[in-house]
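Colleague: Encoded as structure tokens, here's the structure I'll be asking about.
The values are calculated or read from the model by the stated rules, or taken from the named source; none is laboratory data. Keep in mind that this is a model prediction, so the values were computed, not measured. Calculation scope for accessible area: heavy atoms of the full protein, side chains included, ligands and nucleic acids excluded. Shrake-Rupley method; radii C 1.70, N 1.55, O 1.52, S 1.80 Å.
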Amino acid sequence: MNAITTLLDGIDSGRPLLPQMEAALRADVDWRAAIDEHTAALGVADLVRLARHDGEVPDVDPRVLTVAERDGVGLVRINLFSRERFARLWREGTLSPHYHRRSFATRIVQGAYHHLRFDNAGSQDTPRLTCVSREVLRTGSGYGIEWRDYHFVMFPADATVTINAHLPPAVPAKVAAPPTSADVLTRLQGDILAALAAEPALPA
């Protein structure tokens, strides 16, 4: 079994989950090789089963593939960022600071992006945001983020790949999205494997 297969097995659900997941992703592991091996081994039925948690959303970047789960602990997801996709969606106005319904830890496996964090003086769904940090994160770096925290990822290098360990949801999904088709999931699986096989571009 590789590091992704066992990542969530080592999490103790009786202790705070996010610090454990951050520590697990900081482990001295060849995450690029582990993601390649694990993702390539997933069959169509696996992809469809895992995608039930949250299907791919068409108007955001990154594209997200769930690759592992453990009841009561959380999910492992692979994010694939596209510079062109980000630029197009940015022009269309679909990208903005946001919060997630799951707290999560992330590690950049290859590539880079700009990461912004915000203080919120408003409510969760009617925010009044002030940017409090902006940094360029590169291969090998990572962070944890609580579900209430607003953040924003901008200007990714093309073919940036991250691995994320997500806690169980803190709040229900706002929209019940239709299931992602097997064709879309297998295309994303192939795109992740292709990105891992190529040398990613540097950030602007």
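Colleague: With a 1.4 Å probe and all protein chains kept in place, how much accessible area does residue 99 have, in Å² rounded to the nearest 10?
Modeller: Accessible area of residue 99: about 50 Å².
Colleague: Could you tell me which of rounded, prolate or oblate describes the chain, using a ≥ b ≥ c as the square roots of the eigenvalues of the alpha-carbon gyration tensor, with rounded for a/c under 1.5 and, failing that, prolate when a/b is larger than b/c and oblate otherwise? Each step should come with its number before you reach the end.
Modeller: Details: a/c = 1.28, a/b = 1.14, b/c = 1.12.
In terms of gyration-tensor shape, rounded.
Colleague: Let me know the shape class of region 52-156, please: from the alpha-carbon gyration tensor, a ≥ b ≥ c as square roots of the eigenvalues, rounded when a/c is under 1.5, otherwise prolate if a/b is greater than b/c, or oblate. Don't skip to the answer; put the middle values down first.
Modeller: On the way: a/c = 1.33, a/b = 1.12, b/c = 1.19.
Note, shape of region 52-156 comes out rounded.
Colleague: Could you check how many percent of all C-alpha pairs in region 1-113 are farther apart than 26 Å?
Modeller: Values: 1437 of 6328 pairs.
Counting every Cα pair in region 1-113, those more than 26 Å apart make up 23 percent.
Colleague: Which whole number in µm²/s is D for region 152-195 by Stokes-Einstein, with the Kirkwood Rh taken over Cα pairs at 25 °C and 0.890 mPa s?
Modeller: 180 µm²/s
Colleague: Something else: Per residue, how much accessible surface does the chain expose to a 1.4 Å probe? Answer in Å², no decimals.
Modeller: Values: 10080 Å² over 204 residues.
Here the residues of the chain average 49 Å² of exposed surface.
Colleague: Given 37 °C and 0.692 mPa s, compute D for region 110-178 with the Stokes-Einstein relation, Rh being the Kirkwood radius over Cα pairs; round to the nearest whole µm²/s. Could the numbers behind the result be given before it?
Modeller: Values: Rh = 14.0 Å.
So the translational diffusion coefficient is about 234 µm²/s.
Colleague: For the chain, what does -39500 (n - 2.57) per DSSP helix run (n ≥ 4), summed and divided by total residues, give at 222 nm, in deg cm²/dmol to the nearest 500? Show your work: numbers first, answer last.
Modeller: Values: 6 runs with 58 residues, N = 204.
Counting only the DSSP helices, I get -8000 deg cm²/dmol.
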